1. Using a 1.4 Å probe on the protein heavy atoms, what percent of the accessible area of the stretch 127-438 belongs to carbon and sulfur?
2. In nanometres, what is the gap between the two model label sites at Thr442 and Ser206, each 7 Å from Cα along Cα-to-Cβ?
3. Explain nothing, just the number: relative contact order of the stretch 331-457, from Cα pairs under 8 Å at least 6 residues apart, as a whole percent.
4. Using Cα-only point scatterers and the Debye equation, what is log10 of I(q)/I(0) for the stretch 12-124 at each q in 0.18, 0.19 Å⁻¹, rounded to two decimals?
5. Using 1/(1 + (r/R0)^6) with R0 = 45 angstrom and r between the beta carbons of Arg291 and Glu397, what's the FRET efficiency to the nearest 0.05?
6. Tell me, what ³J(HN,Hα) does each residue in the stretch 248-262 have, in order and in whole Hz, if you take phi through Karplus 6.51 cos²θ - 1.76 cosθ + 1.60 with θ = phi - 60° and put x for Gly and Pro?
7. What order do you get for 100-111, 122-133 when each peptide is scored by the mean count of other beta carbon atoms within 10 Å, highest first?
8. Between Arg372 and Arg50, what is the label-point separation in nm under the 7 Å Cα-to-beta-carbon projection?
Amino acid sequence: MSTLSDLEGDTIAAVATPPGRGGIGIVRVSGAEARNIGARLTRRTLEPRRAHHCAFGSADGAPIDDGIAIFFPGPGSFTGEDVVELQGHGGPLVMDLLLAEVVSAGARLARPGEFSLRAFLNGRMDLAQAEAVADLIDASSQAAVRGAARSLRGEFSRRVEEVVELQFDLRSYVEAAMDFPDEEIDFLSDGQVLGRVDALIEKLDSLIENTEQGVILREGLSVLLLGQVNAGKSSLLNLLAQEDAAIVNELPGTTRDVVERHIDLDGLPVKIIDTAGLRESPDVVEQEGIRRALARCDEAQRVLVMIDARTVEPWTLDALFPRYAAALPADRTTLIRNKIDLTDEAPATWTCEGLPIVSLSVLTGAGVELLREHLATAVGFGEHPEQMFVARRRHVEALKGALAELHAGRERLTVDAAGELLAENLRAANDQLAQITGAVSTEELLGRIFQSFCIGK
Ligand SMILES: Nc1nc2c(ncn2[C@@H]2O[C@H](COP(=O)(O)OP(=O)(O)OP(=O)(O)O)[C@@H](O)[C@H]2O)c(=O)[nH]1
Ligand SMILES: [Mg+2]
């Protein structure tokens, strides 16, 4: 049985354009038979990289469509194999007929992500780049598009490669030392090795930070609105989403269901989640709303706890929400004092006992800009937008795995003066990093990545 990491020699085909009607629809064919199949449908010899205007027909000569056929010879094509694109008219039935004809000429239907999988297996791109193809297509904000394009061009892979090379040099140096055991102690204690381990750790730390931002860029930042009833949570949601998404009313306890909206906050993709106000209530529906609100704390990267600005001090979570404070993630929480139009205050932001506070008015809009800036800085987003790339959680996990190995190796060096153990940690760190670009990959990993792609990609 073939596995994902084997290149199957057969020829695959799929409709590469989205389902539905459109000006143009493309059937993509990849594999050794692609050129012959193209020739059979068009009754033409397809010259490399030339657009041929021709009729597409079935074997019995019945016409199907009229369009452009292009032959991209391997290994310089997207998949690295011979590829033929038949660009016809974008109607679902036309595409079905064309695809059926391609299949009867010898191709088989491609599985999800199979074109990209072949591109990876043929060395046309590494794993992080293949993932960026999917991320570019799925991007939900302009910044995410640019970030995915950067990853696709290999910017993220290059950063990983830089770390891989540094650790490789260091490992060679340490392993060389072990070939001269008499000199090993001197060699390892000359400070050079430790200095290089530390430099590597520093590089990895900064890469992890950028990668975590890349994950936010891809997935969006999830911001949870909690707080007092009637504080203006739903009003803030509506303001940020620029739509009348949640019911706003002067009656306390208006919101019960969780209301979510995806917004683009100055290029930062944000999912904002409005919830029921936190208060003791005999109403079972409201109680359920509060339960649902608190249940979202785990997933949120930032929790905005909103109170009425007229609420007297102390403004600490324990004092304001004695019953719920324990359920709130203190390290990810910001206190929002809304309605400063009623207290005649100027908008402001400061930190009190580690809790960031923003005073604003949703009604007048004063201070809302401060909140936007606060959110962006709280997650370290957007300091160097021109350097951002998209990334996935699995990349962060691999980088953190490598970092843990480096820390362990550093300890073995400083505490045990054991060079051979450090070399072992460096090797393990390398295996972690190699998973990102796919220099080392498993069936399970490839399956997880490519099966989430859509067909024709
Ligand atoms: N003066 C003033 N009123 C505001 C402000 N923001 C919201 N309000 C009013 O406060 C009331 C409650 O607003 P909502 O947005 O429904 O508050 P909420 O926190 O969602 O309330 P619940 O869903 O009941 O928990 C409404 O009458 C709003 O118009 C503000 O900045 N200033
Ligand atoms: Mg509400």
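1. Values: 7220 of 14520 Å².
The computed percentage sits at 50.
2. My value for the distance between the label points is 3.3 nm.
3. Details: 114 pairs, mean separation 17.8, N = 127.
Relative contact order here is 14 percent.
4. -0.82, -0.91
5. Numbers: r = 31 Å, r/R0 = 0.68.
For R0 = 45 Å, the calculated efficiency reads 0.90.
6. Rounded to whole hertz, the list is 10, 8, 6, 6, x, x, 5, 7, 10, 6, 7, 10, 10, 9, 9.
7. Values: 100-111: 18.3, 122-133: 22.2.
Peptide ranking by packing, descending: 122-133, 100-111.
8. Going from the Arg50 label point to the Arg372 one covers 5.4 nm.
The values are calculated or read from the model by the stated rules, or taken from the named source; none is laboratory data. Every value quoted in this text rests on a predicted model; they were computed, and no experiment measured them. Quick reminder, even Gly has a Cβ in these numbers, built from the backbone with ideal geometry, and neighbours come from all protein chains shown. The area values use the complete protein model at the heavy-atom level, side chains included, leaving out ligands, DNA and RNA. Shrake-Rupley method; radii C 1.70, N 1.55, O 1.52, S 1.80 Å.
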